[in-house]
Every structure is written in structure tokens, then in C-alpha cells.
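Following: one structure in C-alpha cells, then a few remarks.
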Amino acid sequence: MSDQWPIILTAALGLTSTFGLAFLQHRENQGQTVGQASIEHGQWLRGRRQEAYTALFPAWDAAVKDLRAFQYRWEEMLEHQAEVGEGFLPWYLVEQKADEVLAALRPHLELCELLGPQGVNEAAEGLYEAFRRLRQVMEEQARREPSVVGWETWEAELGRAAIARHNFQLACIWGLRRTPSTEVEEPYG
């Protein structure tokens, strides 16, 4: 029996080594699978971001164009107000138009905020704020006396809106150039 101990010990050691190597191989394969999934998710996310970002630019440009066209028709609205009299509410038309324009723009802004990263979220919020300020200037103008027409603030806000668009573009470029698999973002909120 004492002659068999070295054989039993060698067999047990070989069996333990086999299971140990199998376990290590399994862990390595599992890590590679998780790593591959992370890379694929990063590539998918980058593609979705690119689609969302490129869809927002024409939507933003159309929104600003619609507001500008509305502003250009301001004199016509004043003439109409003079014809109709007290019942005509130009601020109501401004709110109506701004709500219509925002309804077309909002889904694009929200998708960009949803997909991130944080810098793009902030830049999309900057676009929304620029839109809000343009709307506010139009509403203030609509509440003025018809003979008082001053669009200096409007032009300044259009300039700020152009800067907000440019900042969004820079944030998108930065966001798309990052390697998605190495992104580490702070929790939002």
C-alpha cells in the first residue's frame, strides 16, 4: 500500500491541476466575452449617438428658420391687429408658433440628452435654453404696444443661439471621438 501513495498523490495532483487550469481558462474566456460585449455595445452606442446628433442639426436649423420667418412677418401681424382690433392677441400667436416649433425640435433634443455623454447633455440643454430665450423675446415683443417694435434683443439672442449650436457641434465631435469602451461617466443628477 505504501508503494501506491506516490501514484495516488501524483494522480490527485494532476486532477487538481486539470480542474484549476480549466477554471482559469473559463474565467479568461468569460472576461473576453464580457470585453467583447462591452466593445460591441460601445460601437452600437457611438452609432446611435451619431444618428441622433446628425438628426438634431437640421431640426435645430429648421426651428430657427421657422422662428425667423415668423419674426419677418411681424409687420403683417401688426397690420392684421389694426384691422381686427382688440380681439387679436399677437402673444397668443407667438406662443402657438413657438409650441409648434418646439414640438418638432423636442424629440431630437431629448434623444441627444438621453444618449449623452454628459458634455452633449449640457450642450443640448444650452440649445433648449437658447430656444427658450428666442421665444421669450418674441413673447415680450408681442406684449408691447404695436408702435414699439425693437428687435435688437432678438438679434442678440439669434447670435447666442448660433453660439449654442456651435457648442453643441463641438460637444458632439468630442463625444464621438471618445473610445466608447473606456467611457466612465459620473451618474447624472
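The values are calculated or read from the model by the stated rules, or taken from the named source; none is laboratory data. The shown structure was predicted, so the numbers you read here are calculated from the model rather than taken from an experiment. Here Cβ is always computed from backbone atoms with ideal geometry, including for glycine, and neighbour counts include all displayed protein chains. Accessible surface areas use protein heavy atoms only, side chains included; no ligands, DNA or RNA. Shrake-Rupley method; radii C 1.70, N 1.55, O 1.52, S 1.80 Å.
Scanning segment 142-189 for residues that are modelled with pLDDT of 70 or more, open to solvent by 70 Å² or more (accessible area, probe 1.4 Å) and among the hydrophobic types (A, V, I, L, M, F, W, C) yields 163, 170, 174. Do we have residue 101 as closer than 19 Å to residue 151 by Cα, part of a helix (DSSP H, G or I) and not polar (S, T, N, Q) here? No. The residue pairs whose first member lies in segment 86-98 and is at pLDDT 70 or above, whose second member is of a type in the set (S, T, N, Q), and whose beta carbons are closer than 9 Å, counting only pairs six or more residues apart or on different chains, are 90/81; 90/141; 91/141; 94/141.
Among residues that are in a helix (DSSP H, G or I) and free of Cβ contacts under 8 Å to residues at least 40 places away in the same chain, residue 120 is not included. Only one entry of 102, 78 meets the criterion of being modelled with pLDDT under 90 and either under 30 Å from residue 49 (Cα atoms) or open to solvent by less than 60 Å² (accessible area, probe 1.4 Å) (or both), and that entry is 78. May I ask you to list the residues in segment 117-135 that are open to solvent by 10 Å² or more (accessible area, probe 1.4 Å) and closer than 18 Å to residue 98 by Cα? Hits for segment 117-135 are 125, 126, 128, 129, 132, 133, 135.
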